[in-house]
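Down below is the structure, laid out as structure tokens.
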Amino acid sequence: MASEDSARPRPRIAIVGGGIAGLAAAHRIVEARPGTQLSLFESADRLGGVLSTLHADGFQVERSADNFITTLPWGLDLCRRLGLSEQLLQTDSRFRQTFVVYRGRLHKLPDGFLMMAPTRLWPLALTPLLSPWGKIRAAMEYFIPPRQDPSDESMAHFVRRRMGREAFERLVEPLVSAVYAADMERLSVLATLPRFREMEREHGSLIRAMRRQRRAGRQTQRESGARYSMFVTLRDGLTAIVDAIAARLPPDAIRLRAPVSGVAPAPEGRGWEICYSASDSATGESARRTEQFDAVIVAAPSGIAARLVHAFDPELSDELAAIEHSGTAIVTCGFNESQIGHPLDGMGAVVPAVENSPLLAMSFSSRKYAHRAPPGKTLLRAFVGGARRPELAEANEDELIRLVTETIKPLLRITGAPCFIDVARWPGTMPQYHVGHRQRVERIELRVRRHAGLFLAGNAYRGVGLPDCIHGGEMAAEAALSAVGLELPR
């Protein structure tokens, strides 16, 4: 006799957007309830969104994100479930330090300075990156009372308040800009690095908190900048995640070159209608089609999500549209090792805004992970654009190459031309978590809950990193399964 589950019609769930959030949602659905009818709509001709790995001339180039942090479990957990654990690689322990550009030269970030505060005061006292007064002002952070007002504030205001202007401009601003490509005067502390506000509240001082964590053994003394020991990548490139998920989805689930133009409640309030374009396999002509689903996960960028929901919820649309985005361009260059005079004894370099350089940061890609360049070669990635120079995210390719090579050559003492070049441009792909972002997201989530069977996922809401996007997609998938009456397996 057929079970009650098999007697019911199989629920239909649509996912709009084939980036990592949409893919994580799709994988979680087929993993938890493989009988679900799933359709994933992607406007491009490939999956993965900004995740893109290029293999060329013996180089392995990550054209956007090149690794992910392991302190958040969701990236590692997905790799394990996809059978990719054996591919995971850590950064090279010999090079876990960061450089800062100061007056046109590279200087080491003080040992133990992690994103916003030092774990050790002696390296800070010796650094040439700060003047004597800048060092004294930064050390005074130990004695500055914590802010009592729990409301949000900008990154610039928070760091200047705690560490002073110089430490902000020369140390913190370039480190945070390299991650968020944002305007520090508008970037929200609570939406990006809330643990530092928590440290201020709980310990009264960032320096006091970091020193206590160091004594407790939770910090690596000689690391600087990002916590490089906590980052991993995949030997075959991050698109191995994309390929592994795609291989597990039903063959008819993936709809490439199928842009969605509308999402609307179905007639009589029974599910959702998706309006999209699809190419006829016989004629190649594009035609508009409409299909009905029991639930919809919109994992497209928030600006696209705003357009899709506008017809039935203008207020939700306005909130989504208000999330601003910046973009970057990444110029990747390969050189013979003999062409580079700098020892490249670190993971990369960040560039303060006060340097007036077109660069946001550089990554010594084959120092982080040696397999990315063939023997005798070095691979470098240079980042431009962001909130500082948004026009560079869409600049002419030849102009970007000229600008980057002219800038990095004196910094790294490079002679001659690169033997390999790749340019990746990502305009409007980095959401800006401005002051008040957390409250905006709470309002968005409250309005979404009014529409049964509608869910959002992506980097615009609660984290821009790969693990955050994976987690958001999986949470949306589980909520969608629950909405259509399917329990998760225990």
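The values are calculated or read from the model by the stated rules, or taken from the named source; none is laboratory data. Because the structure is predicted, anything quoted here is derived from the model rather than measured. Glycine gets a Cβ as well: all are built from the backbone with ideal geometry, and neighbour counts include every protein chain shown. With ligands, DNA and RNA removed, areas are computed over all heavy atoms of the protein, side chains included. Shrake-Rupley method; radii C 1.70, N 1.55, O 1.52, S 1.80 Å.
Quick notes on this structure:
- Only one entry of V101, V179, V172 meets the criterion of being touching a Leu at 6+ places or on another chain (Cβ under 7 Å) and under 30 Å from K409 (Cα atoms), and that entry is V101.
- None of E324, E315 is open to solvent by 20 Å² or more (accessible area, probe 1.4 Å), among the acidic types (D, E), closer than 26 Å to G17 by Cβ and over 19 Å from the mean Cα position of the chain (by Cα) except E315.
- Of N336, N356, all but one fail to be surrounded by fewer than 16 Cβ atoms within 10 Å (Cβ to Cβ) and at positive phi; the exception is N356.
- Of residues in region 199-231 being of a type in the set (G, A, S) and in a loop (DSSP other than H, G, I, E, B), the one modelled with the lowest pLDDT: G225
- Residue satisfying condition, being closer than 30 Å to H471 by Cβ and polar (S, T, N, Q), within set S317, S338: S317
- Residue within region 12-27 that is free of Cβ contacts under 8 Å to residues at least 12 places away in the same chain, over 20 Å from the mean Cα position of the chain (by Cα) and surrounded by fewer than 24 Cβ atoms within 10 Å (Cβ to Cβ) present: no
- Residue within region 75-97 that is over 23 Å from the mean Cα position of the chain (by Cα), closer than 25 Å to T332 by Cα and buried (at least 16 other Cβ atoms within 10 Å of the Cβ) present: no
- Within region 243-262, the set of residues being in a helix (DSSP H, G or I) and either among the basic types (K, R) or touching a residue at least 40 places away in the same chain (Cβ under 8 Å) (or both) comprises A244, I245, A246, R248.
- Listing of strands (runs of 3 or more DSSP E) fully contained in region 1-101 that carry 2 or more residues being under 22 Å from N459 (Cβ atoms): 12-16, 37-41, 53-56, 59-62
- The single condition among (1) among the small types (G, A, S); (2) buried (at least 22 other Cβ atoms within 10 Å of the Cβ); (3) out of contact with any Gly (no Cβ under 7 Å at 6 or more places or on another chain) that A329 does not satisfy is (3).
Listed here are the residues, each with its yes/no results for (1) in contact (Cβ under 8 Å) with a residue 12 or more places away in the chain; (2) of a type in the set (G, A, S); (3) not in a loop (DSSP other than H, G, I, E, B).
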{"residue": "A264", "(1), (2), (3)": "yes, yes, yes"}
{"residue": "E268", "(1), (2), (3)": "no, no, yes"}
{"residue": "A287", "(1), (2), (3)": "no, yes, yes"}
{"residue": "A300", "(1), (2), (3)": "yes, yes, no"}
{"residue": "A311", "(1), (2), (3)": "yes, yes, no"}
{"residue": "I323", "(1), (2), (3)": "yes, no, no"}
{"residue": "S326", "(1), (2), (3)": "yes, yes, yes"}
{"residue": "P343", "(1), (2), (3)": "no, no, no"}
{"residue": "G346", "(1), (2), (3)": "yes, yes, no"}
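- Within region 383-407, restricting attention to residues that are in a loop (DSSP other than H, G, I, E, B) and in contact (Cβ under 8 Å) with a residue 40 or more places away in the chain, the residue that is farthest from V176 (Cα to Cα) is A395.
- One residue stands out in region 270-285 among those that are outside any strand (DSSP E or B) and of a type outside the set (S, T, Y): the one that is modelled with the lowest pLDDT, namely A282.
Let's see how each residue does on (1) out of contact with any Phe, Trp or Tyr (no Cβ under 8 Å at 6 or more places or on another chain); (2) open to solvent by less than 70 Å² (accessible area, probe 1.4 Å); (3) free of Cβ contacts under 8 Å to residues at least 60 places away in the same chain; (4) within 24 Å of P358 (Cα to Cα):
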residue: I136; (1), (2), (3), (4): yes, no, yes, no
residue: E141; (1), (2), (3), (4): yes, yes, no, no
residue: A156; (1), (2), (3), (4): no, yes, yes, yes
residue: R170; (1), (2), (3), (4): no, yes, no, yes
residue: Y180; (1), (2), (3), (4): no, yes, no, yes
residue: R186; (1), (2), (3), (4): yes, no, no, yes
residue: L193; (1), (2), (3), (4): yes, yes, no, no
residue: E202; (1), (2), (3), (4): yes, no, yes, no
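- Pairs are defined by a Cβ separation below 8 Å, a sequence spacing of at least 6 or placement on different chains, a first member in region 42-65 that is touching a residue at least 12 places away in the same chain (Cβ under 8 Å), and a second member that is acidic (D, E) and part of a loop (DSSP other than H, G, I, E, B); the pairs so defined are T53/D236.
- Look at (1) touching a helix residue (DSSP H, G or I) at 6+ places or on another chain (Cβ under 7 Å); (2) open to solvent by 10 Å² or more (accessible area, probe 1.4 Å); (3) in contact (Cβ under 8 Å) with a residue 24 or more places away in the chain and you find that T119 fails only one, number (2).
- Selection status of L379, of a type outside the set (D, E, K, R), outside any strand (DSSP E or B) and either open to solvent by less than 20 Å² (accessible area, probe 1.4 Å) or touching a Ser or Thr at 6+ places or on another chain (Cβ under 6 Å) (or both): no
- Annotation note: of L124, L88, L114, the sole residue that is touching a strand residue (DSSP E or B) at 6+ places or on another chain (Cβ under 7 Å) and closer than 22 Å to R197 by Cα is L124.
- Extreme residue, surrounded by the fewest Cβ atoms within 10 Å (Cβ to Cβ), among residues of region 430-470 that are on the phi > 0 side of the Ramachandran plot and more than 17 Å from the chain's Cα centre (by Cα): G436
- Candidate set: region 38-74, residues that are open to solvent by 50 Å² or more (accessible area, probe 1.4 Å) and polar (S, T, N, Q); chosen: the one farthest from I274 (Cα to Cα): T71
- Residue match in region 408-425 (condition: part of a helix (DSSP H, G or I), without any contact (Cβ under 8 Å) to a residue 40 or more places away in the chain and open to solvent by 60 Å² or more (accessible area, probe 1.4 Å)): yes
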